[in-house]
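Comments concern the structure below.
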């Protein structure tokens, strides 16, 4: 597809500004009624979903040109999908996210992209990750765990740790502890160690589609060779890539993609993992964008007029992973779940997505603080999530701002209730 294929979507935008807000029937207060970090932060229409649609149409029709300033506006967006979901509440035929993705692909084609993204993609090509960390150290987090090496032996479940978990040492204890839980539950688990590569999802979001396809094909071939029936990932970005992006690019996975939260929920319901320790904790759950609304399964293009397509054929965000994490939290004795106002498909982004954490770190931190303030307003002791990018940014921002809330990975909550030592629990 190309920008020209979405001319009808761009011309159908009536500038109603619904893309800027949580839908009216979902609003709980004026304070937490915004849904788009970009327009809320910069407060000028071009930073909204509708504004970028107008920009795209203007560029397509030759009324304006793509330059450094326009590119900056295009990339000052987490691609969290909130504008798209809100728009579809009223206008199902408009594919807002698709236009945003095409604009970025156009920026790459014309060489108008942030230098920070160019550096990240260079690191991806060189070290198989966008953090620029050594490829040889990718499996270091699993040292001494005795996991199968899927490059040499078969496993029923292949675990894709993802770039952030692989290199962020502060997050290693949660991942290691979860691996121990899985093995105690009898899961036949293996990893690719240093041969594990990036899922390619972030590269695709930045507009580097060729690089994304290369990494997708490499990962798919490795999964096939492993003989695994389940592709398990702890990374929400990876989950969305496997579930939505890969089939969109024509890359077929031989194993079923499953997020760690889904798998842990299944094991708890089967009685193979038993939370038993009372935690006496008030916690709120943050729905990661790529686990929730952006984690919907891919649907092929509707064969006819989009105005006649079925609702189930539309990417509305409703088929993301929402119930499983909440069931897990409620299965922990003594834990009280206190929901924020913006939840499920209306969740506010953590701020790290779409390359914003790389090119606009101040904007990323501003977005995270907004979410943390919403979490604090619930009176919770802790904010819990299941995305390493969310967790990293929340921890850094909460510490710098001195906000009175702890940040946990959902697996840490489960580990603590199963008897393992977790700081603060």
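Per-structure values
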{"quantity": "Any hit, the stretch 99-116, residues being surrounded by fewer than 18 Cβ atoms within 10 Å (Cβ to Cβ) and assigned to a loop (DSSP other than H, G, I, E, B)", "calculated": "yes"}
{"quantity": "Filtered residues of the stretch 326-345 (kept if surrounded by fewer than 23 Cβ atoms within 10 Å (Cβ to Cβ), under 15 Å from the mean Cα position of the chain (by Cα) and assigned to a helix (DSSP H, G or I))", "calculated": "344"}
{"quantity": "Every residue from the stretch 258-273 that is crowded, with 24+ Cβ neighbours inside 10 Å and part of a strand (DSSP E or B)", "calculated": "259"}
{"quantity": "So residue 354, is it touching a residue at least 12 places away in the same chain (Cβ under 8 Å), in contact with a strand residue (DSSP E or B) (Cβ under 7 Å, 6 or more places away or on another chain) and on the phi > 0 side of the Ramachandran plot", "calculated": "no"}
{"quantity": "Index of the failed condition, residue 28 passing every other in (1) within 15 Å of residue 3 (Cβ to Cβ); (2) in a loop (DSSP other than H, G, I, E, B)", "calculated": "(1)"}
{"quantity": "Hits in the stretch 75-87 (condition: more than 19 Å from the chain's Cα centre (by Cα) and surrounded by fewer than 24 Cβ atoms within 10 Å (Cβ to Cβ))", "calculated": "none"}
{"quantity": "Answer from 252, 202 - the residue that is touching a residue at least 12 places away in the same chain (Cβ under 8 Å), closer than 23 Å to residue 291 by Cβ, crowded, with 24+ Cβ neighbours inside 10 Å and in contact with a helix residue (DSSP H, G or I) (Cβ under 8 Å, 6 or more places away or on another chain)", "calculated": "202"}
{"quantity": "Residue 36 vs. criteria touching a helix residue (DSSP H, G or I) at 6+ places or on another chain (Cβ under 8 Å), closer than 21 Å to residue 345 by Cα and surrounded by fewer than 16 Cβ atoms within 10 Å (Cβ to Cβ)", "calculated": "no"}
{"quantity": "The stretch 274-304, subset surrounded by 21 or more Cβ atoms within 10 Å (Cβ to Cβ) and not in a loop (DSSP other than H, G, I, E, B), residue farthest from the chain's Cα centre (by Cα)", "calculated": "281"}
{"quantity": "Candidates 184, 196, 170, 217, filtered to the one that is modelled with pLDDT of 95 or more and either touching a strand residue (DSSP E or B) at 6+ places or on another chain (Cβ under 8 Å) or buried (at least 23 other Cβ atoms within 10 Å of the Cβ) (or both)", "calculated": "196"}
{"quantity": "Any hit, the stretch 37-51, residues being in contact (Cβ under 8 Å) with a residue 24 or more places away in the chain and touching a strand residue (DSSP E or B) at 6+ places or on another chain (Cβ under 9 Å)", "calculated": "yes"}
{"quantity": "From the options 126, 183, 110, residue that is at negative phi, over 23 Å from the mean Cα position of the chain (by Cα) and not assigned by TED's automatic domain parsing to the domain that holds residue 260", "calculated": "110"}
{"quantity": "Residue 226 vs. criteria without any contact (Cβ under 8 Å) to a residue 12 or more places away in the chain and out of contact with any helix residue (DSSP H, G or I) (no Cβ under 6 Å at 6 or more places or on another chain)", "calculated": "no"}
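A quick yes/no check of all residues on (1) assigned to a helix (DSSP H, G or I); (2) within 19 Å of residue 291 (Cβ to Cβ); (3) modelled with pLDDT under 95:
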| position | (1), (2), (3) |
| --- | --- |
| 324 | yes, yes, no |
| 369 | yes, no, no |
| 374 | yes, yes, no |
| 378 | no, no, no |
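Each row is one residue, and each column tells you yes or no for (1) closer than 16 Å to residue 198 by Cα; (2) assigned to a loop (DSSP other than H, G, I, E, B).
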| residue | (1), (2) |
| --- | --- |
| 56 | no, no |
| 92 | no, yes |
| 131 | yes, yes |
| 141 | yes, no |
| 152 | no, yes |
| 158 | yes, no |
| 164 | yes, no |
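The values are calculated or read from the model by the stated rules, or taken from the named source; none is laboratory data. As the structure is a prediction and not an experimental result, all values here were calculated from the model. Quick reminder, even Gly has a Cβ in these numbers, built from the backbone with ideal geometry, and neighbours come from all protein chains shown.
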